[in-house]
Structures are given as C-alpha cells and as structure tokens.
1. Just name one of LEU39, PHE95, TYR131: the one whose Cα is farthest towards the positive end of the charge dipole of the stretch 20-133 (beta-carbon charges, Lys/Arg +1, Asp/Glu -1).
2. Mind listing the long-range amide H neighbours of LEU153? Cut-off is under 5 Å, sequence gap 5 or more, other chains count too, H placed in the peptide plane at 1.01 Å from N.
3. What angle do you read, to the nearest 10 degrees and between 0 and 90, between the alpha-carbon axis of helix 49-59 and the longest principal axis of the chain?
4. How large is the convex hull of the Cα atoms of the stretch 1-109 per residue, expressed in Å³ as a whole number?
5. Given H placed 1.01 Å from N in the peptide plane, which residues other than close sequence neighbours of ARG221 have an amide H under 5 Å from its amide H?
6. GluC sites (Glu not before Pro) within the stretch 95-198: which are DSSP loop residues with at most 12 other Cβ atoms inside 10 Å?
7. Give me the net charge of ASP36's neighbourhood, meaning all other residues with Cβ under 15 Å from the Cβ of ASP36; Lys, Arg count +1, Asp, Glu -1.
8. Rolling a 1.4 angstrom probe over the protein chains, ignoring ligands and nucleic acids, what is the accessible area of HIS22 in square angstrom, nearest 10?
Amino acid sequence: MSAARHPLDEAAWASLTGPHAHFAEGTGRARRYPADVSLIAALPPEPEEQAWADLRALVGPGGPAMLTGPRFDFPPGWAVEFDGEGVQFVATDAFESRPAPGAVVLGAADGPAMLDLVERTRPGPFAPATYRLGTYLGIRYRGALVAMAGERLHPPGWTEISAVCTDPAFRGRGLATALVRAVAHNIRARGETPFLHTSAQNVTAIRLYRALGFQLRRSVRFAALRSPADACAAVSATGRKE
C-alpha cells in the first residue's frame, strides 16, 4: 500500500494483506475471506483490469463478492445486487472504553445462537464462522443470547467493531453501548484503535456513535456483486471479451 494512503481507505485489502493474511484466499490482485467466515472480498487501491480478472477467478463464474471502500466503476458483466452508501467512524480520545459486567466471550458453541440473533436483528453480513475474525462478546438473559458485538476487519493498527445487535425486546437498556465499549477495551489493550462502519441511512446508530465519542472519517461504499457467469459475459473495461 502506498505510503500516501491510510490503512482505512481500503480497510478490507489492508486487513487481508496484513493481520488477517492467514485467512486470505487468493494470491493475485484480489483477496477474500473463506466463504464460511465472510463474503467480504478486497481489491487493491484503484483496481485495474487484472484485479477484476483475479477476483472473478477467485470467486468463480457467478460467484458472490462483497466490497467495501471508496467508490469506483464496476466492469461490464458484473451483476450488482446491492450498492449502498455507508459511513466510517473512528474512536477519538473522548470515547471511553471499559469491560462490560456480565459479558461473555462467544465461540463455536454459540454459533447457532449468534446466527439466530443476527437473523432477528439484521446488523449486517454475518456468516457461520465470522466469530473467528476476532473476539465476540455477548450478553445472555436466562440462557438466551440477547446482545452481542465483536471484531471484524483488522487493518494494521486498527480493528473494526462489527455485528452490534440487540434483541428488540431488550433494546433501550444500554446493552449495545456496553458491548461496544467492552470490545473497544480489548482492542485498545492491544495498542490498536477501534473503528466501525454503518449505513449512511442508519441515523440511530450514527447518533449513538457520535454521542459515544466516535468521529466520522469518510463515506464508504457497500456493494454486493456477482461475477460474470461465463467467459462470454466477462467483458473487460476495454470491451475485449476474455
């Protein structure tokens, strides 16, 4: 990565070619997480034709890829299933992090409960083994998982707080705030800085993160794509068929 670029400018690429390289699939100009961990894929800054060709080879014909980062043009032949605006926030010195009493570390045995909570709350993409990306914390009530938050992307020196969600019946009790502070406490204990993403339309989350002491860094793009289904459909940006 160029010295002129910040690790958070292409957070997924910086993660998959940095601290999360042990998860990375792909050796060319594209990377992705294993499908059971995350559908997030990554391209280098200002991806050229070869990067898109490598991504197509990586995900296979008609394969899914989720991209996040700055806005750029998609080559012809790629199907856009979702293309939305997001925002990236970083923790400031005003943000107070601390452990959450009652929070427990979640792991493989908690997978079904985590997926059930995600299905009911829709915090964003979450796969069966997403918990492997970092520490996930949860709060239980009478044995049921009612709130959680954890770590996802990991660019050098930074860790993303993700999957912040609370069962609708337990909202308004400060559980999400407590878990965000607790996840951030672990991140800061490693000498890293917390950051997070959310939809630009999620005014409730944005209001909360600002109140906690997060600062808007930049707008980002969230896109869900499918690669060209066959070789004839894989047309390069120059119009030449592969």
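The values are calculated or read from the model by the stated rules, or taken from the named source; none is laboratory data. Since we're looking at a predicted model, the values are computed, not measured. Glycine gets a Cβ as well: all are built from the backbone with ideal geometry, and neighbour counts include every protein chain shown. All accessible areas refer to the heavy atoms of the entire protein, side chains included, with ligands and DNA or RNA removed. Shrake-Rupley method; radii C 1.70, N 1.55, O 1.52, S 1.80 Å.
1. Farthest towards the positive end: TYR131.
2. GLU160
3. It is inclined by approximately 60 degrees.
4. 167 Å³
5. GLY69, GLY86
6. Qualifying residues, ordered by number: GLU96.
7. Result for the local shell: +2.
8. Its heavy atoms expose roughly 140 Å² to the probe.
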